[in-house]
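A short write-up of the structure that comes next.
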Amino acid sequence: MKIHPLAGHVAPVEILINVAKLVTAYYSERPDPSEAAHRVAFGTSGHRGSSLKRSFNEYHLLAMTQAICDYRQANNIDGPLFIGIDTHALSEPAFVSAMEVLAANDVQVQISTGGEYVPTPAISHAILTYNQERTRGLADGIVITPSHNPPDGGGFKYNPTHGGPADTHITNWVERRSNHYLEAGLKAVKRIPFEQAMRASTTHEYDFLRHYVADIANVIDMEAIRAAGVRMAVNPLGGAGVNYWPAIAEKYQLDLTVLNSTVDTSFRFMSVDWDGKIRMDPSSPYAMQGLINLKDSYDVAFACDTDHDRHGIVSASAGLIAPNHYLCVAIDYLFQNRPHWSLNAAVGKTLVSSQMIDRVSTGIGRKVLEVPVGFKWFAAGLVDGSLGFGGEESAGASFLRRDGRVWTTDKDGLAPALLSAEITAKTGRDPGENYQALIKKYGEPTADRIQAVASTEQKAKLSQLSPEQVTSTTLAGETITAVMTKAPGNNAAIGGLKVVTENGWFAARPSGTEDIYKIYGESFRGEAHLQTILKEAQAIVDKALK
């Protein structure tokens, strides 16, 4: 992975987006449905694109929103639809387009009070809270966000009645229907003017912030944090939770400093990521450089991405903690400090998450459910309590309330961030020190990830890798124990390939959100062994791409 010279430095003016040009393109450009890059691709994280590339504009939003209205009608979903946006420049115009269609279809819509930005977990929380003990008139939601993607990006995703990301059968349905409307020039799409939509009797306000903040004490032991006087800092990275943090600090009387309350759609305050792009990724040491520099000033500090469904933890002892390391610490702590959780509640992990999770889970007597990449696979288990925790290596996680009931079924960046303070308060050690204790007990993994640009065609080839393409019986000198294209936890296709040995593994798959592919590798035998794993994995990928 070639590191750009700007990586870790504050973004220079010349790489900032032209917001006016971006928004103008949203309304002026039209997609060509015969071009694959212009069509709706509604995956697990919904549809993402940029108006500058004619992949996210008014036509897309009108088509997708009508498709979701059609899906709701076809499946008798007639409760309220909760909708929220993040702070990307394209989120505001996308909200306008969505509201014009939702109101025209007489959908009972709950928008944020006073136009407040809404984190993804607050949408999930609202859906689950409304649907509790209901069997009819169930709610669902729309989140307008491209997550941590660069400032020119736009995103639009649908959360059905379980509150989490939509499953494949739903996203495929919405994708087909949306592209049908694009091909037909938006004929049959219902729409009324935005001003009329906002005055419609079906449009209501909902205080997402107040409800979320009031309830989070049922997930995190706020009293323990306050009593211990844990010194905390947070950087919202200009994201949707920017006003949630001061509200949490005030309500629970926490020593929590909000380092940056700026919302700027150019994200000019960010330090540049590894590839020279601005990306609000709290797991990136380059994007998090500013917070890392303050590690000695606080007991624990944290940040979240733009829609606040991912977390980044900085501890005084370790600096920025690798996502997999923090997942291990959180799992080890939670399952030993939540006495009301079911003894049968399992640990959910994606197949590219660390094997250390398996070792920690075995050590505390919990089963592991290993699933493909995508948080949607955890939703059902979090709802019924058969999963106590679900986590992804990309710094996404959610877990149950303290009493064992569901909290959110989508990723929640705020709760894991605050959990780092609870862990510090209750154990007397910060998360970095807790991880050091785990590696003394279970061994120390070394991990890395290769990323490279990939075309749509190359990503398709990688998603169709087969076990037959691994002809060797060994990987980096160890006998291969498994070659997987389906996840062991649910037998679902992983959209790539995973090869496992006793002390290491690699997984290769295309990104679901960007035009890149990723090769993940891990070894419990040190850096040299890991590099051999990655070298052999790269050879398999190169052969597949040819």
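Brief remarks on what is shown
- Residue in the stretch 467-476 that is farthest from Gln355 (Cα to Cα), counting only those that are outside any helix (DSSP H, G or I) and open to solvent by 30 Å² or more (accessible area, probe 1.4 Å): Thr471
- Restricting His162, His204, His211, His180 to residues that are in a loop (DSSP other than H, G, I, E, B) and open to solvent by 30 Å² or more (accessible area, probe 1.4 Å) narrows the list to His162.
- Some residue of the stretch 468-478 being touching a Lys or Arg at 6+ places or on another chain (Cβ under 9 Å) and under 26 Å from Leu343 (Cα atoms): no
- Matching residues in the stretch 526-541 - criterion: being closer than 13 Å to Ile450 by Cβ and aliphatic (A, V, I, L, M): Leu530, Ile533, Leu534, Ala537, Ala539, Ile540, Val541
- When residues of the stretch 440-459 are limited to those that are over 22 Å from the mean Cα position of the chain (by Cα) and free of Cβ contacts under 8 Å to residues at least 60 places away in the same chain, the one least open to solvent (accessible area, probe 1.4 Å): Glu457
- Matching residues in the stretch 506-546 - criterion: being in a loop (DSSP other than H, G, I, E, B) and closer than 20 Å to Gly43 by Cα: Ser511, Gly512, Thr513, Glu514, Asp515
- Residue count for the stretch 416-432, restricted to those that are among the aliphatic types (A, V, I, L, M) and surrounded by fewer than 24 Cβ atoms within 10 Å (Cβ to Cβ): 1
- Answer from Asp264, Asp296, Asp275, Asp255 - the residue that is at pLDDT below 95, of a type in the set (Asp, Glu) and surrounded by fewer than 23 Cβ atoms within 10 Å (Cβ to Cβ): Asp275
- The stretch 392-403 residues that are in contact (Cβ under 8 Å) with a residue 60 or more places away in the chain, paired with ones that are open to solvent by 10 Å² or more (accessible area, probe 1.4 Å) and of a type in the set (Lys, Arg) (beta carbon under 7 Å, 6 or more apart): Ser394/Arg310; Ala395/Arg310; Gly396/Arg310; Gly396/Lys411; Ala397/Lys411; Ser398/Lys411; Arg402/Arg338
- Restricting attention to the stretch 316-345 and to residues that are of a type in the set (Gly, Ala, Ser) and under 21 Å from the mean Cα position of the chain (by Cα), the residue that is nearest to Lys518 (Cα to Cα) turns out to be Ala322.
- Residues in the stretch 282-293 that are in contact with a strand residue (DSSP E or B) (Cβ under 8 Å, 6 or more places away or on another chain), part of a loop (DSSP other than H, G, I, E, B) and either open to solvent by 40 Å² or more (accessible area, probe 1.4 Å) or within 16 Å of Asn260 (Cα to Cα) (or both): 5 in all.
- Residue in the stretch 167-174 that is in a loop (DSSP other than H, G, I, E, B), within 21 Å of the chain's Cα centre (by Cα), among the charged types (D, E, K, R) and surrounded by 13 or more Cβ atoms within 10 Å (Cβ to Cβ) present: yes
- Residue within the stretch 431-438 that is part of a helix (DSSP H, G or I), free of Cβ contacts under 8 Å to residues at least 60 places away in the same chain and under 30 Å from Phe302 (Cα atoms) present: yes
- Scanning the stretch 192-199 finds no residues that are modelled with pLDDT under 95 and not acidic (Asp, Glu).
The values are calculated or read from the model by the stated rules, or taken from the named source; none is laboratory data. Worth saying up front: this structure is predicted, and the values here are computed from it rather than measured. Using ideal geometry, Cβ is built from the backbone for each residue, glycine included, and neighbour counts are taken over all protein chains shown. Surface accessibility is based on the protein's heavy atoms, side chains included, excluding ligands, DNA and RNA. Shrake-Rupley method; radii C 1.70, N 1.55, O 1.52, S 1.80 Å.
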